[in-house]
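Report on one structure; see the data block that follows.
The values are calculated or read from the model by the stated rules, or taken from the named source; none is laboratory data. Because the structure is a prediction, the values reported are computed rather than measured. Positions of Cβ are generated from backbone atoms using ideal geometry, with glycine treated the same way; all protein chains shown enter the neighbour counts.
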């Protein structure tokens with residue numbers, strides 16, 4: 001990874017952590033590589049969806065997968081442009097475990113002129129034992145500065 005890649009990934013990391021929703025949920029950037037992002041959602045009782053089991057709500061895991069996937073798109077771009085999630089399909093494979101952080105590893109595997117494509121997995125300790133996995137498509141803005149108010 002060159003100096004330009006390193007600087008770009010630091011910028012992506014900073015941008016990702018300045019998304020208010022990511023900060024409100026307590027997300028952390030664990031690692032950034034070209035085309036890849038790893039985020040952590042630390043366990044917090046305010047994120048529990050089922051008080052009987054203490055399991056983190058699926059919506060928080062959705063936000064984690066979306067945030068990591070979006071960051072992987074930024075990590076794949078040569079020029080920064082606004083992006084928006086077009087579609088995020090998630091399969092929940094098992095419940096998260098109470099008291100444990102959830103990790104999301106996302107990869108942007110294809111970028112076209114208008115759309116980027118991602119795959120991600122949410123897990124505790126082993127990505128081969130996933131809580132959920134997702135595939136996403138993200139719109140890339142091609143007309144920056146041409147918005148009318």
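Are any of the residues in the stretch 26-38 in a loop (DSSP other than H, G, I, E, B) and exposed (fewer than 13 other Cβ atoms within 10 Å of the Cβ)? No. On inspection, residue 68 does not qualify as crowded, with 16+ Cβ neighbours inside 10 Å and at pLDDT below 95.
Taken over the stretch 49-78, the criterion of being farther than 18 Å from residue 118 by Cβ and either without any contact (Cβ under 8 Å) to a residue 40 or more places away in the chain or within 17 Å of the chain's Cα centre (by Cα) (or both) is satisfied by 49, 50, 51, 52, 56, 57, 58, 59, 60.
Taken together, the residues in the stretch 101-126 that are surrounded by 15 or more Cβ atoms within 10 Å (Cβ to Cβ) and more than 15 Å from residue 137 (Cβ to Cβ) amount to 9.
Of all residues in the stretch 109-127, which are in contact with a strand residue (DSSP E or B) (Cβ under 9 Å, 6 or more places away or on another chain) and over 14 Å from residue 37 (Cβ atoms)?
Those that are in contact with a strand residue (DSSP E or B) (Cβ under 9 Å, 6 or more places away or on another chain) and over 14 Å from residue 37 (Cβ atoms): 110, 111, 112, 113, 114, 115, 117, 123, 124, 125.
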